[in-house]
Amino acid sequence: MSNKRTNIKVLGISGSPRIGNSSYLLSIALQAAQKVNNELVSIDSYSFKGKKFGPCVACFKCGEEKTYGECTIKDDFQKLRDKWLEADAIIYAVPVYHLSIPGQMKCFIDRLGNTVKKIRNVPAPKFMKTVGAIAQGMHFFAGQELTISFILHHAVLMNCIPVSGDGWQSYLGAAGWTEAQRDRDSIGKLYGASDRDANIAVQAAGSLGQRVTEMAFIIRQGIANVDTTFFPDKSYTPVLEI
Ligand SMILES: Cc1cc2nc3c(=O)[nH]c(=O)nc-3n(C[C@H](O)[C@H](O)[C@H](O)COP(=O)(O)O)c2cc1C
């Protein structure tokens, strides 16, 4: 049953409702991801800008026999869910909103968690995607670490693999702040002006993109070599086949 696919699909998700600082740091991470291997890495990028994601209404239809896995609310959810399912590695870049992720993204995550609890008749699939988190806000010590932690907890709940960047710049993920500026390009401008904190955020985003991708390769190679006769747990089937 194991799968010899060697290419890696990296999906970058910007959780901001605008193209701004999150997109900027995400692009740094995605460039680093591409550099891991130009031929074998393909990059897809998604922005929440202009998208509609309604909240879960707890109808529990996604858990019923006939409608299993389908969300009754039809909006931008389905497209991003499909991208999420296809990816080997996911990098979330979000602005901190009220010490956490923006509401639109929480709507996506709530609905994702419930609707993909069974894939191709396999309950509790182990997705084994690598997941990295970038969070930046307007202020200092203003929820970046809490936001990154939330995303990494989401990764664990989805049976994925949380990955950080390298060194002291990136304990859990990549964090940044705009030094109280509201502009979309604040971090980019600060980086251009050799600002120390923006430099740390950029370094962390780069090493995060690299490590999330490298780890996805390692997992993919493992999948290619796993002998499923010693490995009867059906919950691994989706990732072994995709
Ligand atoms: C509703 C709302 C809540 C926010 N809450 C926080 C916060 O808790 N901490 C913080 O540092 N910045 C907060 N901010 C500021 C944004 O995180 C900041 O402007 C960020 O750089 C925006 O990223 P973007 O350019 O990717 O949209 C908030 C902004 C909005 C609109």
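Quick rundown of the values:
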read-out: Subset of region 25-47 [of a type outside the set (S, T, N, Q) and either closer than 11 Å to Tyr92 by Cα or in contact with an Asp or Glu (Cβ under 7 Å, 6 or more places away or on another chain) (or both)]; value: Leu25, Leu26, Ala29, Leu30, Val36, Tyr46
read-out: Filtered residues of region 1-54 (kept if more than 16 Å from the ligand (Cβ to nearest atom), modelled with pLDDT of 95 or more and assigned to a loop (DSSP other than H, G, I, E, B)); value: Asn37, Asn38, Glu39, Leu40, Lys52, Gly54
read-out: Whichever residue in region 62-99 is more than 22 Å from Asp44 (Cα to Cα) and in contact with a strand residue (DSSP E or B) (Cβ under 7 Å, 6 or more places away or on another chain) and, among such residues, is surrounded by the fewest Cβ atoms within 10 Å (Cβ to Cβ); value: Tyr68
read-out: Filter result (more than 16 Å from the ligand (Cβ to nearest atom) and buried (at least 20 other Cβ atoms within 10 Å of the Cβ)) within region 118-142; value: Ile119, Pro125, Phe127, Met128, Lys129, Thr130, Val131, Gly132
read-out: Qualifying residue in region 100-114 (condition: free of Cβ contacts under 8 Å to residues at least 60 places away in the same chain, within 9 Å of the ligand (Cβ to nearest atom) and surrounded by fewer than 24 Cβ atoms within 10 Å (Cβ to Cβ)); value: yes
read-out: Out of Glu70, Glu145, sole residue that is farther than 23 Å from Gly222 by Cβ and away from the ligand (no atom under 16 Å from the Cβ); value: Glu70
read-out: Considering residues of region 163-181 that are surrounded by fewer than 17 Cβ atoms within 10 Å (Cβ to Cβ) and not aromatic (Phe, Trp, Tyr) only, the residue nearest to Leu152 (Cα to Cα); value: Asp166
read-out: Residues satisfying the stated conditions in region 156-193, i.e. polar (S, T, N, Q) and on the phi > 0 side of the Ramachandran plot; value: Asn159
read-out: Residue that is farthest from Ile91 (Cα to Cα) [pool: residues in region 213-242 that are in a loop (DSSP other than H, G, I, E, B) and touching a helix residue (DSSP H, G or I) at 6+ places or on another chain (Cβ under 9 Å)]; value: Phe231
read-out: Sole residue being farther than 27 Å from Asp110 by Cβ, away from the ligand (no atom under 16 Å from the Cβ) and assigned to a helix (DSSP H, G or I), chosen from Gln210, Gln169; value: Gln210
read-out: Condition check for Gly50: within 30 Å of Gln210 (Cα to Cα) and either among the charged types (D, E, K, R) or touching a Pro at 6+ places or on another chain (Cβ under 9 Å) (or both); value: yes
read-out: Qualifying residue in region 189-196 (condition: modelled with pLDDT under 95, farther than 24 Å from Lys118 by Cβ and either in contact with a strand residue (DSSP E or B) (Cβ under 6 Å, 6 or more places away or on another chain) or hydrophobic (A, V, I, L, M, F, W, C) (or both)); value: no
read-out: Evaluation of Lys35 against (1) more than 21 Å from Ala174 (Cβ to Cβ); (2) touching a helix residue (DSSP H, G or I) at 6+ places or on another chain (Cβ under 9 Å); (3) surrounded by fewer than 14 Cβ atoms within 10 Å (Cβ to Cβ) (one fails), failing number; value: (1)
read-out: Failed criterion for Arg184 (all others in (1) crowded, with 20+ Cβ neighbours inside 10 Å; (2) within 9 Å of the ligand (Cβ to nearest atom); (3) touching a residue at least 60 places away in the same chain (Cβ under 8 Å) hold); value: (1)
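The values are calculated or read from the model by the stated rules, or taken from the named source; none is laboratory data. Since we're looking at a predicted model, the values are computed, not measured. All Cβ positions, glycine included, derive from the backbone under ideal geometry; neighbour counts span all protein chains shown.
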